[in-house]
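Read through the structure below, which is laid out as C-alpha coordinates, and then see the notes.
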Amino acid sequence: AQAHILQYGESIELLVYNDNSKDHSLHLHRGEYQVVEVGPYGDAVANNHTAVEFQKSGPSPMRCDVVTVRAYSYIKLRFHVNRGMVALFHCHMMHGGYFGLAATFIAAPELLQKYVKVPEEAIRMCKLQGIKTSGNAAGNQGFDMTGLPLPILVN
(Lines give C-alpha, C1' and ligand atoms only; values in the text may rest on other atoms or scores of the structure.)
Protein backbone atom coordinates (compact mmCIF):
# COMPACT_ATOMS: atom_id res chain seq x y z
CA ALA A 1 0.00 0.00 0.00
CA GLN A 2 1.21 3.49 -0.77
CA ALA A 3 2.86 5.07 2.30
CA HIS A 4 2.27 8.64 3.48
CA ILE A 5 4.38 10.18 6.25
CA LEU A 6 2.41 12.48 8.57
CA GLN A 7 3.81 14.84 11.17
CA TYR A 8 2.70 15.05 14.80
CA GLY A 9 -0.12 17.59 15.19
CA GLU A 10 -1.09 17.44 11.51
CA SER A 11 -4.71 17.05 10.48
CA ILE A 12 -5.53 15.51 7.13
CA GLU A 13 -8.70 15.03 5.13
CA LEU A 14 -9.23 12.10 2.78
CA LEU A 15 -11.71 12.41 -0.05
CA VAL A 16 -12.78 8.97 -1.30
CA TYR A 17 -14.88 8.64 -4.45
CA ASN A 18 -16.85 5.46 -5.18
CA ASP A 19 -17.80 5.55 -8.85
CA ASN A 20 -19.16 2.01 -9.08
CA SER A 21 -22.26 0.06 -8.18
CA LYS A 22 -20.84 -1.62 -5.04
CA ASP A 23 -20.64 -0.25 -1.51
CA HIS A 24 -17.15 -0.24 0.04
CA SER A 25 -16.34 -0.50 3.76
CA LEU A 26 -13.20 1.49 4.61
CA HIS A 27 -11.17 0.65 7.70
CA LEU A 28 -8.33 2.52 9.43
CA HIS A 29 -6.28 0.15 11.59
CA ARG A 30 -4.89 1.67 14.83
CA GLY A 31 -6.73 4.93 14.44
CA GLU A 32 -10.06 6.62 14.06
CA TYR A 33 -11.37 9.32 11.78
CA GLN A 34 -14.27 11.72 11.62
CA VAL A 35 -16.86 11.57 8.86
CA VAL A 36 -17.21 15.21 7.82
CA GLU A 37 -19.13 14.97 4.55
CA VAL A 38 -20.92 12.52 2.24
CA GLY A 39 -22.67 13.02 -1.07
CA PRO A 40 -23.60 11.63 -4.50
CA TYR A 41 -20.92 11.23 -7.18
CA GLY A 42 -20.45 10.06 -10.76
CA ASP A 43 -23.40 8.18 -12.29
CA ALA A 44 -25.59 9.16 -9.34
CA VAL A 45 -25.26 12.82 -10.33
CA ALA A 46 -25.37 12.20 -14.10
CA ASN A 47 -28.53 10.09 -13.83
CA ASN A 48 -30.16 12.15 -11.07
CA HIS A 49 -29.97 9.08 -8.78
CA THR A 50 -30.23 10.29 -5.18
CA ALA A 51 -29.57 7.16 -3.08
CA VAL A 52 -27.10 9.28 -1.10
CA GLU A 53 -28.07 12.81 -0.15
CA PHE A 54 -25.41 15.46 0.41
CA GLN A 55 -24.72 15.83 4.14
CA LYS A 56 -22.15 17.88 5.98
CA SER A 57 -21.31 17.14 9.61
CA GLY A 58 -22.07 19.43 12.50
CA PRO A 59 -19.52 20.80 14.95
CA SER A 60 -18.77 17.35 16.45
CA PRO A 61 -18.42 14.83 13.57
CA MET A 62 -18.90 11.12 14.23
CA ARG A 63 -15.67 9.22 15.03
CA CYS A 64 -15.14 5.66 13.82
CA ASP A 65 -12.59 3.29 12.33
CA VAL A 66 -14.88 1.69 9.70
CA VAL A 67 -17.34 3.46 7.43
CA THR A 68 -19.20 2.42 4.28
CA VAL A 69 -18.95 4.51 1.13
CA ARG A 70 -22.19 3.87 -0.72
CA ALA A 71 -22.33 3.11 -4.44
CA TYR A 72 -21.93 6.23 -6.61
CA SER A 73 -21.07 8.47 -3.69
CA TYR A 74 -18.12 10.13 -2.01
CA ILE A 75 -17.08 10.58 1.59
CA LYS A 76 -14.73 13.04 3.25
CA LEU A 77 -12.83 11.76 6.29
CA ARG A 78 -10.61 13.70 8.70
CA PHE A 79 -8.09 12.52 11.23
CA HIS A 80 -5.59 14.18 13.52
CA VAL A 81 -2.09 12.85 14.23
CA ASN A 82 -1.88 12.82 18.02
CA ARG A 83 0.51 9.86 18.49
CA GLY A 84 3.10 7.81 16.67
CA MET A 85 1.64 4.90 14.71
CA VAL A 86 1.68 2.97 11.48
CA ALA A 87 -1.92 2.71 10.30
CA LEU A 88 -3.30 0.76 7.35
CA PHE A 89 -6.28 2.32 5.56
CA HIS A 90 -8.00 -0.21 3.29
CA CYS A 91 -11.22 -1.44 1.76
CA HIS A 92 -12.83 -4.52 3.33
CA MET A 93 -14.05 -5.68 -0.10
CA MET A 94 -11.49 -8.06 -1.60
CA HIS A 95 -11.65 -6.48 -5.06
CA GLY A 96 -11.07 -3.05 -3.49
CA GLY A 97 -7.62 -4.21 -2.47
CA TYR A 98 -6.95 -5.57 -5.95
CA PHE A 99 -7.66 -2.13 -7.39
CA GLY A 100 -5.36 -0.38 -4.93
CA LEU A 101 -7.88 0.94 -2.42
CA ALA A 102 -5.33 0.96 0.40
CA ALA A 103 -2.78 3.31 1.94
CA THR A 104 -0.34 3.21 4.82
CA PHE A 105 -0.02 6.22 7.12
CA ILE A 106 3.20 6.55 9.08
CA ALA A 107 2.21 9.05 11.73
CA ALA A 108 4.77 10.94 13.82
CA PRO A 109 7.75 8.75 12.85
CA GLU A 110 10.01 10.70 15.20
CA LEU A 111 7.88 9.46 18.13
CA LEU A 112 7.95 5.89 16.82
CA GLN A 113 11.74 5.97 16.59
CA LYS A 114 11.99 7.38 20.09
CA TYR A 115 9.58 5.08 21.94
CA VAL A 116 9.19 1.84 19.99
CA LYS A 117 11.80 -0.79 20.87
CA VAL A 118 12.63 -3.25 18.09
CA PRO A 119 13.12 -6.80 19.43
CA GLU A 120 16.75 -7.99 19.46
CA GLU A 121 15.83 -11.05 17.37
CA ALA A 122 14.50 -8.79 14.59
CA ILE A 123 17.72 -6.73 14.67
CA ARG A 124 19.81 -9.90 14.47
CA MET A 125 17.83 -11.18 11.45
CA CYS A 126 18.22 -7.82 9.65
CA LYS A 127 21.99 -7.80 10.23
CA LEU A 128 22.25 -11.35 8.86
CA GLN A 129 20.56 -10.13 5.65
CA GLY A 130 22.63 -6.94 5.37
CA ILE A 131 19.65 -4.71 6.21
CA LYS A 132 20.42 -1.49 8.13
CA THR A 133 19.01 -1.44 11.67
CA SER A 134 18.88 2.27 12.48
CA GLY A 135 17.36 5.37 10.91
CA ASN A 136 14.30 5.38 8.66
CA ALA A 137 13.11 2.57 6.35
CA ALA A 138 16.15 3.12 4.10
CA GLY A 139 18.57 3.26 7.04
CA ASN A 140 19.03 7.03 6.67
CA GLN A 141 17.98 10.05 8.72
CA GLY A 142 14.78 12.09 8.27
CA PHE A 143 13.00 11.76 4.93
CA ASP A 144 16.07 10.61 2.92
CA MET A 145 14.92 7.35 1.32
CA THR A 146 18.04 6.85 -0.83
CA GLY A 147 18.86 3.15 -1.11
CA LEU A 148 15.41 1.94 -0.05
CA PRO A 149 15.09 -1.70 -1.14
CA LEU A 150 12.71 -2.31 -4.03
CA PRO A 151 9.58 -4.35 -3.27
CA ILE A 152 9.57 -8.03 -4.17
CA LEU A 153 7.07 -8.66 -6.97
CA VAL A 154 5.36 -12.05 -7.05
CA ASN A 155 3.73 -13.26 -10.27
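If I filter the stretch 122-140 down to residues being among the polar types (S, T, N, Q) and surrounded by 10 or more Cβ atoms within 10 Å (Cβ to Cβ), which single residue comes out as modelled with the highest pLDDT?
Keep residues of the stretch 122-140 that are among the polar types (S, T, N, Q), which gives 129, 133-134, 136, 140.
Among the residues that remain, those that are also surrounded by 10 or more Cβ atoms within 10 Å (Cβ to Cβ) are: 133-134, 136, 140.
Working: THR133: 86, SER134: 85, ASN136: 81, ASN140: 89.
Among residues in the stretch 122-140 that are among the polar types (S, T, N, Q) and surrounded by 10 or more Cβ atoms within 10 Å (Cβ to Cβ), the one modelled with the highest pLDDT is ASN140.
Within the stretch 27-43, is even one residue open to solvent by 80 Å² or more (accessible area, probe 1.4 Å) and either of a type in the set (Gly, Ala, Ser) or at pLDDT 90 or above (or both)?
Checked the stretch 27-43: no residue is open to solvent by 80 Å² or more (accessible area, probe 1.4 Å) and either of a type in the set (Gly, Ala, Ser) or at pLDDT 90 or above (or both).
Of all residues in the stretch 1-20, those being open to solvent by 80 Å² or more (accessible area, probe 1.4 Å), out of contact with any Leu (no Cβ under 8 Å at 6 or more places or on another chain) and outside any strand (DSSP E or B) number 1. Total residues in the stretch 101-143 satisfying the condition of being touching a residue at least 12 places away in the same chain (Cβ under 8 Å) and farther than 18 Å from GLN7 by Cβ: the figure is 5.
For the stretch 96-118, the condition of being more than 30 Å from ALA138 (Cα to Cα), over 12 Å from the mean Cα position of the chain (by Cα) and at pLDDT below 90 holds for none of the residues.
The values are calculated or read from the model by the stated rules, or taken from the named source; none is laboratory data. Note that this is a predicted model, so its numbers are computed, not measured. Using ideal geometry, Cβ is built from the backbone for each residue, glycine included, and neighbour counts are taken over all protein chains shown. The accessibility values were calculated without ligands, DNA or RNA, using every heavy atom of the protein model including side chains. Shrake-Rupley method; radii C 1.70, N 1.55, O 1.52, S 1.80 Å.
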